[in-house]
1. Within segment 1-19, how many residues turn out to be in contact (Cβ under 8 Å) with a residue 24 or more places away in the chain, surrounded by fewer than 18 Cβ atoms within 10 Å (Cβ to Cβ) and not in a loop (DSSP other than H, G, I, E, B)?
2. For segment 24-34: of the residues being in a loop (DSSP other than H, G, I, E, B) and buried (at least 21 other Cβ atoms within 10 Å of the Cβ), which is nearest to ligand 2 (Cβ to nearest atom)?
3. Restricting segment 117-145 to residues that are in a loop (DSSP other than H, G, I, E, B) and of a type in the set (S, T, N, Q), which is modelled with the highest pLDDT?
4. Might you check whether a residue that is surrounded by fewer than 13 Cβ atoms within 10 Å (Cβ to Cβ), outside any loop (DSSP other than H, G, I, E, B) and of a type outside the set (Lys, Arg) occurs anywhere in segment 35-45?
Amino acid sequence: MTGGYEVEQFVETPDDDLICVICRAVLRCPVRLKCNHVFCKECILQWMKRQVKCPCCRQPIDQNQMVVLFKLSKSIGRLSIKCRNAQQGCRATFPLSNEYLHISNCPYEWQLCPHEGCGQQVLRKDAQAHDQSCSHWRQLCPMGCGTLLVRENQAQHNCYRELQQRYVAERRKQRAIAANLRRKMQRMQSRMAQIRRQINLLCESLEVGDLEIEAGEGTSAWTDANAASPSSSRRHHTNSSRVR
Ligand SMILES: [Zn+2]
Ligand SMILES: [Zn+2]
Ligand SMILES: [Zn+2]
Ligand SMILES: [Zn+2]
Ligand SMILES: [Zn+2]
């Protein structure tokens, strides 16, 4: 029965009074009985399935008088332990209570290659290198097109999503250029209108009437020609019918 923590885990050999007599390991979640003997909680609960007497002094156990020793549990948690991956090469030591934290980052922890069909155990520190060479490597296209990439098609994958994104970016750039040109044109137009107004004012102040007269004649001449044109074409039409 191994309810407690293996003695060998600890950097320094733990005191005898921290050892549970049932499992011969360091107390895990220690509880004290009425008789003052202390055991791992799990160990004494298992023991009580067979007999309800203290394993040390044979006094009957009253479960209502069992006390969980939180303080003792905490001070055991502060004891230094060696990493369980010492055999693989981890030299780290840390408080027992930090074990979970260390193991979840330990570079020497074995991990199963995540690629289906590989099944190889790899040390966490070697996972990346293995990933690069794993023949079972596969991954959905990171662009989100839904293609399952494997070693063979990874290089040739011509992702339509990627093309689409490039196209959209190009369109956006062109639209920005067009908008910019439009703004420049509007600025120029308003500048031109301003200049025209200034010229008009200048003309008025110099009392140069010629320009106005010329402009007026131009307009009336154009109107005359326009008015004359339907009648002239009609005349032309009647002429040609007369010829026929
Ligand atoms: Zn125990
Ligand atoms: Zn006892
Ligand atoms: Zn480690
Ligand atoms: Zn693999
Ligand atoms: Zn893709």
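1. Residues flagged as in contact (Cβ under 8 Å) with a residue 24 or more places away in the chain, surrounded by fewer than 18 Cβ atoms within 10 Å (Cβ to Cβ) and not in a loop (DSSP other than H, G, I, E, B) within segment 1-19 amount to 0.
2. First pass over segment 24-34, keeping only residues in a loop (DSSP other than H, G, I, E, B): 24-25, 27-29, 33-34.
The next check asks that each one be buried (at least 21 other Cβ atoms within 10 Å of the Cβ); those that pass are 25, 27, 33.
On the way: 25: 19, 27: 15, 33: 6 Å.
Ranking the qualifying residues of segment 24-34, first place goes to 33.
3. To start, the set of residues in segment 117-145 that are in a loop (DSSP other than H, G, I, E, B) comprises 117-120, 134-137, 141-145.
In the following step, the residues that additionally are of a type in the set (S, T, N, Q) were identified as 120, 135.
Working: 120: 95, 135: 89.
My answer is 120.
4. Start the filter on segment 35-45 by keeping residues that are surrounded by fewer than 13 Cβ atoms within 10 Å (Cβ to Cβ), which leaves 36.
Filter once more, keeping what is outside any loop (DSSP other than H, G, I, E, B): none.
No, segment 35-45 has no match at all.
Yes/no per residue for (1) more than 23 Å from the chain's Cα centre (by Cα); (2) within 26 Å of residue 43 (Cβ to Cβ):
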position	(1), (2)
65	yes, yes
80	yes, yes
83	yes, yes
91	yes, no
95	yes, yes
113	no, no
129	no, no
132	no, no
159	no, no
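Table: residues versus (1) at pLDDT below 95; (2) in a loop (DSSP other than H, G, I, E, B); (3) out of contact with any Ser or Thr (no Cβ under 6 Å at 6 or more places or on another chain); (4) surrounded by fewer than 19 Cβ atoms within 10 Å (Cβ to Cβ).
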position: 21; (1), (2), (3), (4): no, yes, yes, yes
position: 51; (1), (2), (3), (4): yes, yes, yes, yes
position: 64; (1), (2), (3), (4): yes, no, yes, yes
position: 74; (1), (2), (3), (4): no, no, yes, yes
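For every residue, the table says whether it meets (1) more than 11 Å from ligand 5 (Cβ to nearest atom); (2) touching a residue at least 12 places away in the same chain (Cβ under 8 Å); (3) hydrophobic (A, V, I, L, M, F, W, C).
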position: 122; (1), (2), (3): yes, yes, yes
position: 130; (1), (2), (3): yes, yes, no
position: 134; (1), (2), (3): yes, yes, yes
position: 149; (1), (2), (3): no, no, yes
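Residues checked against (1) of a type in the set (Ser, Thr, Tyr); (2) part of a strand (DSSP E or B); (3) touching a residue at least 12 places away in the same chain (Cβ under 8 Å); (4) in contact with a Cys (Cβ under 6 Å, 6 or more places away or on another chain):
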position: 99; (1), (2), (3), (4): no, no, yes, no
position: 115; (1), (2), (3), (4): no, no, yes, yes
position: 152; (1), (2), (3), (4): no, no, no, no
position: 163; (1), (2), (3), (4): no, no, no, no
position: 169; (1), (2), (3), (4): no, no, no, no
position: 177; (1), (2), (3), (4): no, no, no, no
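The values are calculated or read from the model by the stated rules, or taken from the named source; none is laboratory data. These figures come from a predicted structure and were not determined experimentally. Quick reminder, even Gly has a Cβ in these numbers, built from the backbone with ideal geometry, and neighbours come from all protein chains shown.
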